[in-house]
Amino acid sequence: MSVDDLRLADFRPRPMLRVPVHEVRRPRYPVVDAHNHLGPAFGGDWSTRPPSELIATLDESGVEMVVDLDGGQGEELTAEIDRWQAAHPDRVAVFAGLDYDSWADDDAFGESEASRLCDSAARGARGLKVWKLLGLRARDPAGRLVAVDDPRLDPLWAAAADLDLPVLIHIADPIAFFEPLDPENERWEELHAHPDWHFWPTRAADPDAPGFPSFDELLAAFGRLVARHPRTTFVGAHVGCAAEDLGLVGRLLDANPNLNVDIAARLGELGRQPYSARAFFLRYQDRILFGVDMAPDPDIYAVHYRFLETLDESFDYGTEPVPAQGRWQIHGIGLSDEVLRKIYRDNARRVLRLGPA
């Protein structure tokens, strides 16, 4: 192959840096993975593998519990809970979900979802997962997008508070997903591979205008939602859905004591801003939960442990030959034992109402 003919997809640069490398196969403290998927839609092949294999993988990686966000509702939820908790009740916590498609035919969808959440709690759900369909896809009977802070959903958030169930909520994707897909978009390769992740064009402030809500519109609505329901415990998925703007996330955390965030699937963002990320972790050490949002795998966990525990420089944030989110590397933030213990385990146990152990 001629050098002039090299395609970007085939470019595999090998770093020449001679810097310390620390492989961290097991965490310094036991881990609660508070954001993962074990169902058929997002959990890879874990939905068909024996539960004993999951437990062996968790044991190898030092993970004492994993939160499965793929519970759904009704009998589907019961089946998911039974599958994982029959033999290992303390290793998998299953969250319920929402029936977004039904909202288009239900004027009282907020009350309906509140009722279904009560049923889910009775079936053993340990929390509620809200996906980005809220705000970006789900529509009401008039055909309009349901806003993140739509007051018709207030009964649902109130029910979560009454049931003492945390709400893990994902309402926006990386900022680049809301930008034109042009040569300046840093996630071009990812969006080219997954065009359904591209929320463009964005609309004007008018909710009846065509297009998607902008990133800033979604985050503003998220802030209003969390502030309006101070009794409800929220976990903002993916560093509050704004890992590229830790100042914004910090302001949300400062304003809302009921808000926490997880780090799932955002090592690529956090690790390329190690100074800002380390300051963020230190300031909000009581409000950050560990999670990976990738099928449980010892190699994936090891990268996360390396980021949190070491000061290693310029290493891959994933295990694929080409980084999935962008062509950059990350740097470790070397957290102390006290902070690691909280982020790995203690904060999640508090949010999940597990208590000290």
Task: Neighbourhood net charge (14 Å Cβ-Cβ; Lys/Arg +1, Asp/Glu -1) for residue 15 - done: +1
Open item on the list: Counting each pair of different Cα atoms once, what's the Kirkwood radius of region 1-149 in Å, rounded to one decimal?
Closed with: 18.6
Open item on the list: Rg over Rh of region 233-357, using C-alpha atoms and the Kirkwood radius, what does it come to?
Closed with: 0.94
TODO: Leaving ligands, DNA and RNA out of it, rank 294, 65, 16 by accessible area with a 1.4 Å probe, largest first.
DONE: 16, 294, 65
TODO: List the equivalent ellipsoid semi-axes of region 269-327 in whole Å, largest first, each obtained as the square root of 5λ for an eigenvalue λ of the Cα gyration tensor.
DONE: 20, 15, 11
TODO: Pairs of Cα atoms under 8 Å, at least six residues apart: use those to get the relative contact order of the chain, whole percent.
DONE: 18
TODO: For the chain, divide the Cα radius of gyration by the Kirkwood radius and give the resulting Rg/Rh value with two decimals.
DONE: 0.96
- [ ] Would you be so kind as to identify all helices of the chain, as entire DSSP H runs, whose Cα atoms reach 15 Å or more along the helix's own axis and whose mean Kyte-Doolittle hydropathy is at least 0.5?
- [x] 215-228
TODO: Counting only heavy atoms of the protein chains, get the accessible area per residue of the chain (1.4 Å probe) and round it to a whole Å² value.
DONE: 44
Open item on the list: On a 1.4 Å probe surface of the protein chains, which of 177, 212 comes out largest in accessible area, and what is the full order?
Closed with: 212, 177
Open item on the list: Using only the Cα atoms of region 165-216, what semi-axes does the equivalent ellipsoid have when each is the square root of 5 times a gyration tensor eigenvalue? Give whole Å, largest first.
Closed with: 21, 17, 9
Task: Shape call, region 167-318: gyration tensor on alpha carbons, a/c limit 1.5 - done: oblate
Task: Cα-projected label distance for residue 196 with residue 184, points at 7 Å along beta-carbon direction, nm - done: 3.0
Task: Two-decimal log10 I(q)/I(0) for region 196-267, as the Debye equation yields it once each C-alpha is a single scatterer, q = 0.19 Å⁻¹ - done: -0.83
Open item on the list: Using helices alone, I'd like the mean residue ellipticity at 222 nm for the chain: each DSSP H run of four-plus residues gives -39500 (n - 2.57), total over residue count, nearest 500.
Closed with: -9500 deg cm²/dmol
- [ ] Using only Cα atoms, locate the centre of region 308-357 and the centre of region 220-241, then give the distance between them in Å, rounded to an integer.
- [x] 22
- [ ] Express in % the proportion of alpha carbon pairs of region 73-142 at distances exceeding 16 Å.
- [x] 51
Task: Portion, in percent, of the accessible area of the chain that falls on carbon or sulfur, probe 1.4 Å - done: 53
Task: Alpha-carbon centroid distance for the pair region 93-123 / region 159-178, whole angstrom - done: 15
TODO: For region 299-344, report the translational diffusion coefficient in µm²/s to the nearest whole number, using Stokes-Einstein at 37 °C, 0.692 mPa s, and a Kirkwood Rh over Cα pairs.
DONE: 293
Open item on the list: Which of 15, 180, 30 ends up with the largest GNM mean-square fluctuation for the chain, with Cα atoms connected below 10 Å?
Closed with: 15
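The values are calculated or read from the model by the stated rules, or taken from the named source; none is laboratory data. These numbers were taken from a predicted model, which means no experiment stands behind them. In this analysis, Cβ positions are derived from the backbone assuming ideal geometry, glycine residues included, and neighbour counts consider all displayed protein chains. Quick note on the areas: whole protein, heavy atoms, side chains included, nothing else; ligands and nucleic acids left out. Shrake-Rupley method; radii C 1.70, N 1.55, O 1.52, S 1.80 Å.
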